[in-house]
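Asks: I am attaching a structure below and will ask some questions about it afterwards.
The values are calculated or read from the model by the stated rules, or taken from the named source; none is laboratory data. Bear in mind that the values here come from a model prediction, so they are computed numbers and not experimental data. Counting neighbours? That spans all protein chains shown, and the Cβs are built from the backbone with ideal geometry, glycine included.
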Amino acid sequence: MVAFSDIGGSRKSSKKLINLLRGWPNTSLLPTHLIEKASHNALSNKEIAFPGMLYGPDPGDPRLRKNVASWLTNFYQPLAPIPPERITITGGASQNLACLLQVFTDPIYTRNVWIVSPAYMLAFRIFDDSGFHQKLRAVPEDEEGINIEFLKKEIRKSEDKASADGNNAPHVKPQRAWGKIYRHVIYAVPTFSNPSFKTMTLRRRQELVKVAREYDALIITDDVYDFLQWTSSLSAQTQSLDKAVLPRIVDVDRYLNGGAEREGADGFGNAASNGSFSKICGPGLRTGWVEGTEKLAYGVSQTGTSRSGGSPSQLTATFVAETLESGELQRYVYETLQPAYGARYRKMITAINKELIPLGCTVPQTDRDVVGGYFIWLTLPHPLKGAVVAQRAKDEENLIVAQGEIFEVPGDTDHAHFEYDLRMCFAWEDIELLGEGIERLACVIRSLQNDQKENNSTMQLATENRGGAKNFW
Ligand SMILES: Cc1ncc(COP(=O)(O)O)c(C=O)c1O
C-alpha cells in the first residue's frame, strides 16, 4: 500500500520521481519576498514588534483580525460587513480544529463526529485526540456534495441511541460561560474539497445548516481553498476571480431564517469556518483564522492554551497583518496564485481528458464554471483498484499517487468506500511533469487492463475446455 507519507519513490525504476500525492505548494509559489518585506516592516517598528514578540491577546493580533475581516467581507460579499469580533486568529485550520473540539465537545455527550467522505485524512487523528476514536461516522457525497438524507437518517438513529442510553448532559467537560457543548459535530470541506475536488451546492449548504440547527450540531468547515479558484474553461487564460462563487456555510448560518441570533437560539450559531494562510501564503507560517458568531469566536479564544499567552502564531500574525494591510497578499493571490494554479490545473486536466477519460476514468462535477483547490479526484475504470494502480505506478513508473482508501473514515467504510479511486495533486510537482505524470498513469492503467483482458481470455478458454463449466474461476 502506498501510504500518504510515502514520498520516497521507487528503487526499481530509473525514471525521475513524479509526486502527485504531496499536498504542498510548489516552492516557486511561496511569496517569500512579501514575508521578507512584511517581517522587516513589522520588526523595525516597535509599535508592532514589541506586541508581536510578547504574549498577545486571546483572540489574536487585533490588526490581523481587522484585516482578515475586511478581506473576507470583500471576497464573500455577505449582506453586512464581517466585524473583527467574528474572527479569532489561529495556528491554522488543523490546530484550530483541535481547539474547537476542546471547547465545544464532550467525548461522551457529543454523540458523533459526522465526516463528509472521502475526507481530509489528517483530521482523523485530531478527532481521535479529543476522544472520538469510536464515534467517527462517514457521510457519503453525491454530485451536489453531502448526502443530506443519509445524514438525517443516521443522526436520528444516533439521537435514539443517546435517549436510550440516558445521555442527556455533558459528562466530562464542565459548563463554562464562554462555551457550550454541542451534541454533534459535522466536518466538511465544502469548496474545492480535499480530496474529492467537489463543491457543495448552495442548496445543500442551506439544508445542512437546517439539519445542524435541528440536531444541535456544530458544522466545522475547512474553507482553506476558497481563494484558489479559476474558470473551468480550458481555452481561457485564468482571469482573476476576486469574489467567492458561493457563500460559506458560516455565511449561510449567519443569515438563514433569522441567522444565528434568531429568537430561541443560544447565539453560538451552528457553523465555524476555519481559514488558513497555508495555501495562499505558506504552511510554515502556521497561521490562520476562524470565523463564527461573536460568541463562538470568543469561546474558541478561551481554549486553555490561548488563555495562557494568547493566540498561537502571534509574531507571524503581525507579518501577515502587514502584507494584508498593504493589499500585496490579496494581489498575489489574484494575480499570481490563481493564474499559476489555474495553469497547473489545465495542464493536468487536459492530460486526463486525452489519456485517461478514453480508458474509462471519470472525474466529478464536470459541469462547474469555476473550479479550484489543489486536487483532482479520479475514479478508475471498473474493476481496477486504486491500491493496485498506485503500487504499480510507484514500482514501474516512479509515480506517486494517493489511493482512495487513504481518505476513508476509519471504522466506517460501509457507505463511503473508495477502493476504485485516486487523488492527484497539481500544486506540488513541477508543472512540466504534470502531463507526464498522467501519461505514466495511463501506461499503468492500460497495462493492467491488458493483463485483465489476457486473464479473461485464459479464463474463457479454460471454461470452454472444461465443457462450459460455469463459475469455475
Ligand atoms: C482540508 C484541509 N484542512 C486543513 C489543512 C491544513 O491546514 P493548516 O495548514 O492551516 O493546518 C489542509 C491542508 O492540506 C487541508 O487540505
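Asks: Condition check: over 30 Å from ALA244 (Cβ atoms), at pLDDT 95 or above and surrounded by 16 or more Cβ atoms within 10 Å (Cβ to Cβ). Does GLY404 satisfy that?
Replies: no
Asks: Write out, first by first residue and then by second, each pair whose Cβ atoms fall under 8 Å of each other, whose residues are 6+ apart or on separate chains, and whose first residue, in the stretch 90-102, is more than 15 Å from GLY56 (Cβ to Cβ) while the second is within 8 Å of the ligand (Cβ to nearest atom) and hydrophobic (A, V, I, L, M, F, W, C).
Replies: So the pair list comes out as GLY92/PHE277; ALA93/VAL224; SER94/LEU122; SER94/ALA123; LEU97/ALA123.
Asks: Looking at TYR332, is it among the hydroxyl-bearing types (Ser, Thr, Tyr) and in contact with a strand residue (DSSP E or B) (Cβ under 9 Å, 6 or more places away or on another chain)?
Replies: The answer is no for TYR332.
Asks: Mind checking which residues of the stretch 77-91 are within 14 Å of the ligand (Cβ to nearest atom) and surrounded by fewer than 24 Cβ atoms within 10 Å (Cβ to Cβ)?
Replies: Of everything in the stretch 77-91, just one residue is within 14 Å of the ligand (Cβ to nearest atom) and surrounded by fewer than 24 Cβ atoms within 10 Å (Cβ to Cβ), namely GLY91.
Asks: Now for a separate question. Inspect the stretch 153-172 for any residue being within 25 Å of the chain's Cα centre (by Cα) and without any contact (Cβ under 8 Å) to a residue 40 or more places away in the chain and give the result as yes or no.
Replies: yes
Asks: If you go through the stretch 125-145 one residue at a time, how many are part of a helix (DSSP H, G or I) and of a type in the set (Lys, Arg)?
Replies: 1
Asks: Condition first: of a type in the set (Val, Ile, Thr) and more than 20 Å from the chain's Cα centre (by Cα). Now tell me which residues in the stretch 320-347 satisfy that.
Replies: Passing the criteria: VAL320, THR323, THR336.
Asks: Which residues, counting only those in the stretch 420-443, are in a strand (DSSP E or B) and closer than 16 Å to LEU380 by Cβ?
Replies: ASP421, LEU422, ARG423, MET424
Asks: Given the stretch 251-339, what helices (runs of 4 or more DSSP H) lie entirely inside it while holding 3 or more residues that are among the aliphatic types (A, V, I, L, M)? Steps first, please.
Replies: On the way: elements: 294-301, 304-307, 314-325, 328-331.
Passing ranges, in order: 294-301, 314-325.
Asks: Hey, among GLU207, GLU263, which residue is crowded, with 18+ Cβ neighbours inside 10 Å, charged (D, E, K, R) and away from the ligand (no atom under 16 Å from the Cβ)?
Replies: None of the others qualify; the one that does is GLU207.
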